[in-house]
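K.L.:
I'd like to ask some things about the structure below.
All of the numbers you see were taken from the coordinates with simple rules; none came from a lab. Since this is a predicted model, take the numbers as computed values, not measurements. Here the Cβ is made from the backbone with ideal geometry for all residues, glycine too, and neighbour counts use every protein chain on show.
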């Protein structure tokens, strides 16, 4: 056989082999696509439904319809939204596979002036104009969940919130399954429901009626909200969620009522506070007098939670900073400015939050009791410690002078879920030994419950979370942080099906540069320590100048003496040296980050070609040896 025929035979064999392999792959894909077999190989299991969602769908006993509105054939639909719509479709198919008997899935294409567009508008799905400057038709990308005469809508699906899509969809299913309006009870010594803030000032003509806090007004839009007396000896069984805000001085009988409420399956959100500034203002206490802390000691002990009601978290890294009237910086280490790093991204109630502000916050510790699971929602930084309340009455600079970090982050807000046991095993407090109880007390919960614990009550006060303005006679409320969003998300989560507690924030494809963040944090600590040292030197020099000025002799005409000018000259030299040092810190930080980024870039770009070259050389060398 000639060489040309051999080459032709080899080429035809190769082409035929490629075609056979392609045909086999297509056939296998068609066969396995019909089988209910799925294997999620992603690191965060982003294509696997949470256990809570599967439990919720497994409990369906009536038909729930999911209508997915997607303008799929519009030329104005951006590519990234089309890609996202594909992932949404995959997720909805996973929902349907869990319970095809009671879950009806419909995909609708709302074209202009069509029945599908009318249906979308009736369901509360809003069309979005991609380019408002043109007359292009709006696009739709939303979901409506319906059961009977109730409908819950996700008006427009934002790809940036893809990690919350499963929770939002499951919560919508839980919402349409509810048969009655959820009832909330609020127990607090603070005037959260409105009323006379201070009766003594009211009598003198200086006080007045106070409106309800903004969070109460917002909750009343969705829930049936009522007030619970501070000395209540029982909680109305019709209440689904009890909000306890700054429970200072509660009697044991009221504590027992809360205990029994939780054991009956009621949901509890308790906001305890070692340093409640709102309470301090309400009681007209002096600034140097520490307010009375609040806690639920018997309940905390039964749940395995430790909380010191007279200890405040002092955090140097998260300290709130603002300018003062002298042009300097005011630092408040007991006012914590939480960022995304301190807000849990693994939990659905906090995954979308970016910033929160807490005032005189405490900390939770301890291991949850048997049968309970603890989820930490908010933390401090590791550059923090606990200080006594009376020690935090000083200025921020004075607090930081005696600051010694214990290098441990503190849990500022937690959620407990699971099987609760009573904190009163001997029955109701004050009951005589031979006296029969009015009603038998529960020793453990009848079903799994949930309790939210936050170590601050001030953060939902209007002045600390919203800004109010007057526009044409109407009050306009704007959020200044995510404090109220945190409360609203938790209330909705606690009022939903217990299965929602098991749904975590879905993983996303983003991979943050953790090493870069560590370098930045390290340099920030150096930078911050140097600034504090410089400001301390500045204060010392000012005191020295003031002292020299006080000791001036009568008749001196010069504004600054030679001795004072020498002191100023030395300080300016120190200031210049400190600035150079800070510049070097920034420069070194930038060099370290640039070096790390360059190494990663080289590895990403060059690693695969290098591996291919090495494999090719190895194969060529192996074949050469065989020949």
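K.L.:
So what's segment 51-176 giving for Cα Rg divided by 2.2 N^0.38 Å, two decimals?
P.N.:
1.06
K.L.:
Determine the relative contact order of segment 51-176: mean sequence separation of Cα pairs under 8 Å and six or more apart, normalised by residue count, in whole percent.
P.N.:
Computed over segment 51-176, the figure is 30 percent.
K.L.:
A further question follows. Counting other beta carbons within 10 Å of each residue's own, what order do 621, 213 fall into, fewest first?
P.N.:
Fewest-to-most ranking of 621, 213: 621, 213.
K.L.:
To continue, here is another question. Within a 10 angstrom radius of the beta carbon, how do 71, 89 rank from fewest other beta carbons to most?
P.N.:
Listed from fewest to most nearby Cβ atoms, that is 89, 71.
K.L.:
Could you put 246, 421 in order, starting from the residue whose Cβ has the fewest other Cβ atoms within 10 Å?
P.N.:
In increasing order of surrounding Cβ atoms, one gets 421, 246.
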